[in-house]
Amino acid sequence: MSNQQFKSMNSDEIYLALKEDIINLKLYPGQLISENEIATLYNVSRTPVKTAFIRLSSEKFIEIVPQKGTYVTLLDMEYIKETIYMRKVIECTVIKDVFENVNDELLNKLSQNLRQQKAIVESPVEDPSEYYKVDNLFHSTIFDFAGKTRLWAILQEFQVYYTRFRMLDIVAVGHFDGVYEEHIALFEAIKNRDKEKVDEIMNIHLQGNIDRLEDKIHNELSHYFI
């Protein structure tokens with residue numbers, strides 16, 4: 001959690017700050033947090049913190065347990081697997097839908113993104129979440145081009161557990177180079193309008209998080225999961 005003090009933050013700002021810390025694993029699954037702690041950190045009263053907590057709880061980022069405390073939610077592996085399946089089906093369909101309209105504008109945007117990814121792979125950033133942001137932008141660019149911006153936003157809302165799981169993969173494994181190579185392969189499949197290759201690559205790309213973390217999930221990271 002950031003130790004920077006904030007003044008005059010409202011509940012929306014506190015909600016966004018805490019949500020980012022949870023997604024980036026600065027607040028880890030199962031961690032106990034309190035209204036008093038957060039109020040002191042952000043130099044505010046407990047009222048906006050309480051409002052932010054209620055909102056985070058409704059979105060399953062935290063769990064408020066009466067008489068015990070408030071915890072960052074543990075990761076649900078079954079939910080994560082279902083999210084991966086849903087995203088694979090939807091994203092493969094969206095990618096194939098853009099094949100008829102693939103143009104230089106889309107290819108140039110994806111190429112620029114790949115250059116950003118390459119720079120991070122060659123000179124790893126101090127904050128792993130920076131790679132996640134660039135990674136996410138690669139996929140959202142395709143949805144934007146397909147006119148499915150709202151669909152991408154809806155997918156993000158359903159990825160409460162999966163987004164943190166992806167961050168866990170980035171933080172625990174640091175698998176930037178492999179993910180980057182998968183993005184290059186996906187770019188080539190889009191450029192060549194190769195539908196079969198898209199299915200193959202996306203299966204590897206989305207399933208890879210589980211494959212890389214499988215041993216850790218059952219061992220040193222098991223306390224992060226339900």
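The values are calculated or read from the model by the stated rules, or taken from the named source; none is laboratory data. Just so we're clear, the structure is a prediction, and the values are computed from it rather than from any experiment. In this analysis, Cβ positions are derived from the backbone assuming ideal geometry, glycine residues included, and neighbour counts consider all displayed protein chains. Protein only, heavy atoms only, side chains kept; ligands, DNA and RNA dropped before computing areas. Shrake-Rupley method; radii C 1.70, N 1.55, O 1.52, S 1.80 Å.
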Check each of the trypsin sites (Lys or Arg not before Pro) in segment 62-95 and keep only those in coil by DSSP with at most 13 other C-beta atoms within 10 angstrom; list them in order. Lys68
For segment 73-205, give the magnitude of the charge dipole about the Cα centre (Cβ charges: +1 Lys/Arg, -1 Asp/Glu; no others), in debye to the nearest 20. 280
What whole number of Å gives the distance from the Cα centroid of segment 179-199 to the Cα centroid of segment 26-72? 41
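Report, to the nearest whole %, how much of the accessible area of segment 1-130 belongs to carbon and sulfur atoms, 1.4 Å probe, protein only. Don't jump to the answer; show the numbers that get you there.
Numbers: 3530 of 7430 Å².
About 48 percent, which is the carbon plus sulfur part of the accessible surface.
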What does the accessible area per residue of the chain come to in Å², with a 1.4 Å probe and no ligands, DNA or RNA counted? 53
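At most 15 other Cβ atoms within 10 Å plus a DSSP loop assignment makes a site exposed; report the longest stretch of the chain without any exposed GluC sites (Glu not before Pro). Write down the numbers at each step before the final one.
Numbers: sites that count: Glu59, Glu126, Glu220.
Between the exposed loop sites, the longest stretch runs 127-219.
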Just the accessible area for Ser123, please: 1.4 Å probe, Å², rounded to the nearest 10? 80
Normalised contact order of the chain, rounded percent, pairs of Cα under 8 Å and 6 or more residues apart: 24
Would you kindly find the accessible area of Lys109, with a 1.4 Å probe and non-protein molecules such as ligands, DNA and RNA excluded, rounding to the nearest 10 Å²? 110
If amide H atoms are built 1.01 Å from N in the plane of the peptide, which residues on other chains or at least 5 residues away come under 5 Å of the amide H of Leu75? Phe225, Ile226
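If Lys and Arg each add +1 and Asp and Glu each add -1, what is the summed charge of the other residues whose beta carbon sits under 10 Å from the beta carbon of Ile210? Working shown, then result.
Details: positive: Lys81, Arg212; negative: Asp169, Asp211, Glu214.
Counting the neighbours of Ile210, the net charge comes to -1.
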Along the dipole axis of the chain (charges at Cβ: +1 for Lys and Arg, -1 for Asp and Glu; origin at the Cα centre), the most positive-end residue among Phe143, Tyr180, Ile64 is Ile64
By accessible area of protein heavy atoms, probe 1.4 Å, what ranking do Asp215, Asp135 get, highest first? Asp215, Asp135
Return the subset of Lys81/Lys197; Lys148/Lys191; Lys60/Lys197; Lys26/Lys197; Lys50/Lys148 for which the Cα-Cα distance in this structure is over 27 Å, preserving the input order. Lys60/Lys197; Lys26/Lys197; Lys50/Lys148
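If you build the Cα gyration tensor of the chain and take the root of 5 times each eigenvalue, what three semi-axes come out, in whole angstrom, biggest first?
34, 19, 17
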